[in-house]
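Below: the structure, in structure tokens.
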């Protein structure tokens, strides 16, 4: 499945530096607002040490990791929802993404101007969220006006939609995200079609000074604390040099790896594997997906003709050393259509054509 995360924030908070480090892709970085006008897009691999271990056991010819797509949205400013700073164009780019990574500046650098004149992470976060709320408010009010006549005329579908819109509008007018509104399944389906910005899950990326990064910061919340400057330096090093640098910093993994993993958690995504002589591959599914639908991620025919799945936990396969050994120990199971796939499952699907 294709996943898109929008990197947003005020100008000069380190978004493009972070994006460049993520993708090792050169983008325009300059000390003035609106340097980036068209969204830059980069596809990066999801770090997963299990792939190498599985490939070694299966003697796979190649390894295919899961990927996630990051979109570098040009800096938003106060008034973006009214078109300030080409805001409408940028907000439209965010609507097409699955989640938002909101970069907030907490680093100090007298040579890099702050669009508001002073570094204030809380204020910056509030400005961006308010712009998203105001943009959604305009969308909902426009739709409310469009269907009010049909709702008053007694058309049931219009009345149901009108009621759902009223719930969301009430929250937005109070400065709350649409995601905070309690909606039933039908209402959720109706509102989802509007691609509201404040319905999307948000990950806060706090960009701090180099000496203020602790990898455990934000581990229990939807926050990742990084230094975009350090991440940019790491991205320019050879793998061996980067590993040495990480060790010197006392980190087990880079801030970028934590950001990518946290994005997966934010979207409630898990990974299952297929592994054999040709390839070992990671497949991304939503938590709670059943076996036939998981098979459908590989090919729609797998889901349509699903019979059952041969399943084992990745660690069991590694410990046993081979699929046949795992089978002999009873660790390879046959699962049917109601089986909920777990993170780390290694699967072979049986299906009819």
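Six or more apart or on different chains, Cβ atoms under 9 Å: show the pairs whose first residue is in the range 142-159 and within 17 Å of residue 194 (Cα to Cα) and whose second is modelled with pLDDT under 95 and assigned to a loop (DSSP other than H, G, I, E, B).
Short answer, once both residue conditions are applied: 143/194; 147/155.
Identify all residues within the range 163-176 that are buried (at least 20 other Cβ atoms within 10 Å of the Cβ) and part of a loop (DSSP other than H, G, I, E, B); write none if there are none.
Across the range 163-176, there are no qualifying residues.
Is it true that residue 177 is in contact with a helix residue (DSSP H, G or I) (Cβ under 7 Å, 6 or more places away or on another chain), farther than 20 Å from residue 202 by Cβ and touching a residue at least 40 places away in the same chain (Cβ under 8 Å)?
no
Among (1) over 23 Å from residue 7 (Cα atoms); (2) buried (at least 16 other Cβ atoms within 10 Å of the Cβ); (3) free of Cβ contacts under 8 Å to residues at least 60 places away in the same chain, where does residue 305 come up short?
(2)
Exactly one condition in (1) in contact with a helix residue (DSSP H, G or I) (Cβ under 6 Å, 6 or more places away or on another chain); (2) modelled with pLDDT of 90 or more is not met by residue 210; state its number.
(2)
Just give me the residues in the range 327-353 being without any contact (Cβ under 8 Å) to a residue 60 or more places away in the chain and within 15 Å of residue 274 (Cβ to Cβ), in sequence order.
Initial filter on the range 327-353 (without any contact (Cβ under 8 Å) to a residue 60 or more places away in the chain): 327-340, 349-353.
Listed by number, the residues that qualify are 332, 335, 349, 350, 351.
Hey, does the range 264-285 have a residue that's farther than 23 Å from residue 45 by Cβ, surrounded by 15 or more Cβ atoms within 10 Å (Cβ to Cβ) and touching a residue at least 12 places away in the same chain (Cβ under 8 Å)? Walk me through how you get there before you give the answer.
Going residue by residue through the range 264-285, those that are farther than 23 Å from residue 45 by Cβ are none.
Within the range 264-285, not a single residue is farther than 23 Å from residue 45 by Cβ, surrounded by 15 or more Cβ atoms within 10 Å (Cβ to Cβ) and touching a residue at least 12 places away in the same chain (Cβ under 8 Å).
Can you tell which of 351, 313 is under 21 Å from residue 295 (Cα atoms), at pLDDT 95 or above and surrounded by 13 or more Cβ atoms within 10 Å (Cβ to Cβ)? Step through it out loud before you land on a result.
Working: 351 fails: at pLDDT 95 or above.
Within the list 351, 313, the selection yields 313.
For residue 221, only one of the following conditions fails: (1) exposed (fewer than 13 other Cβ atoms within 10 Å of the Cβ); (2) in contact with a helix residue (DSSP H, G or I) (Cβ under 8 Å, 6 or more places away or on another chain); (3) assigned to a loop (DSSP other than H, G, I, E, B). What is its number?
All conditions are met except number (2).
The values are calculated or read from the model by the stated rules, or taken from the named source; none is laboratory data. Computed from a prediction, not measured in an experiment: that's the story for all the values here. No Cβ is skipped: glycine too gets one built from the backbone with ideal geometry, and neighbour counts run over all protein chains shown.
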